[in-house]
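Heads up: the structure comes next, in structure tokens.
Since every read-out is calculated from the coordinates, none of them should be taken as a lab result. All figures in this text were calculated on a predicted structure; none of them were measured in a lab. Ideal geometry is used to build each Cβ from the backbone, glycine not excepted, and the neighbour counts take in all protein chains shown.
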């Protein structure tokens, strides 16, 4: 079986969709049922086997330097530096912002044309789009829709992204032979709100990579020392820096903790730059200057499992999630989890963590106290989390995805 896979999400620092694409690609290349995988990304076709060895998701180093992490302000990515430059030249910023929709549309059209030029010559292939919107393709296609946050909370997304998804997702859902979702929650949303026939949409739960596991202090020392951390002595949060992740409420709840507890367990934030996040970044910068928070920015896939395993506890309190990969990775690492009781999160965490209303600041604060200090509860929860995490594997995710390919190929 020949699979065409869009890997554009792997060509830049990315979050859950990038990791989903990476682990899916790795699994397809290992499968005896897949003869060939053709990868497209960044206006070009890429050799799949070579791409797995060299793609930035697999072995990139942190985008931020050690000096930047220690600095008084947030680490600067190329995109944030560009925004600073544009902000210093108001008329240029205005011109660029006005041209963005045109540039976005122009790029999308050229990208689609480059894809279709070769894709139309590939016979008897199944095209899988792991990032919502299908490109032009005449054969069987499947798309993965991770969430509908652009509908429920459009204010948390760039205007161009919301417009693009609203315009093209209905077309994609009508054209796709099958639709995959990460959770039953999103599957039901697609059926109820987008009118997708139940038989054409399947839930395939994501997995947790084998690198996420409990580790000894000796194993953790080299990576944690690089970030000036000590095993068991910090509260960890991993998410893209954007409003939907409810980071401001998490920071406010953390600052309500007793100062003595904050001194013992500093809050460590890991995550790349998102959108509409200036207020969040300003607050993080303020707390970094005060020594209350440690911000590591986007961190390599090599270091991330060690940062999870070394944490005393993990906190993740978004308003809406299509799956919620970070809490699962924390559970698999032997770390107790505080997260929210909304959208898909309960499907992932079950009863193995503390689930709170993301709008309830006091509940978040009290949950932090419990996961940091209640040793008896922690022991029971860590054990339960490890057992539950075993149910989520990338091997099963890939196997179930291939079964969808076979079904639509027929």
Subject >> Where labels lie 7 Å past Cα in the beta-carbon direction, separation of residue 219 and residue 233 in nm >> reply: 2.1
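In percent, how large is the relative contact order of region 217-389, given Cα pairs closer than 8 Å and 6 or more residues apart?
Rounded, it is 23 percent for region 217-389.
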Original post:
PRE reach from residue 151 (point 7 Å along Cα→Cβ): which of region 218-249 fall under 19 Å by backbone N?
Top reply: 244
**OP:** Please arrange 229, 325 by counting, for each residue, the other beta carbons lying within 10 Å of its beta carbon, fewest first.
**Re:** 229, 325
Subject >> Residue exposure sequence - 328, 261, 106, 220 - by fewest surrounding Cβ within 10 Å >> reply: 106, 261, 220, 328
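So, R0 is 41 Å and r is the distance between the beta-carbons of residue 193 and residue 302; what FRET efficiency does that work out to, to 0.05? Numbers along the way, then the final one.
Numbers: r = 39 Å, r/R0 = 0.95.
So the FRET efficiency works out to roughly 0.55.
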**OP:** State, to one decimal in nm, how far the label point of residue 211 lies from the label point of residue 32, with both points 7 Å from Cα in the Cβ direction.
**Re:** 2.8
**OP:** Could you please rank 352, 181, placing first whichever residue has the fewest other Cβ atoms within 10 Å of its Cβ?
**Re:** 352, 181
Original post:
Could the peptides 198-206, 308-316 be put in order, highest first, of the mean number of other beta-carbon atoms found within 10 Å of their residues?
Top reply: 308-316, 198-206
**OP:** In Å and from the alpha-carbon atoms only, list the Rg and Dmax of the chain.
**Re:** 21.3, 65
Subject >> Sequence ranges 270-277, 336-343, ranked by mean other-Cβ count within 10 angstrom, highest first >> reply: 336-343, 270-277
Original post:
Considering only DSSP beta bridges whose two residues both sit in the chain, what percent are antiparallel, to the nearest 5?
Top reply: 10
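On full extension of the chain, what length is gained from residue 285 through residue 170, given 0.36 nm per residue of separation minus the C-alpha to C-alpha distance?
Additional length available on full extension: 37.4 nm.
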Original post:
Can you give the extra length, in nm with one decimal, that the chain gains between residue 184 and residue 248 once fully stretched, where that is 0.36 nm per residue apart less the Cα-Cα distance?
Top reply: 20.2 nm
Original post:
Under a point spin-label approximation (7 Å from Cα along Cα-to-Cβ), what is the residue 138-residue 123 distance to one decimal in nm?
Top reply: 1.1
**OP:** Enter the Cα centre distance for the pair region 329-400 and region 210-246, rounded to the nearest angstrom.
**Re:** 16
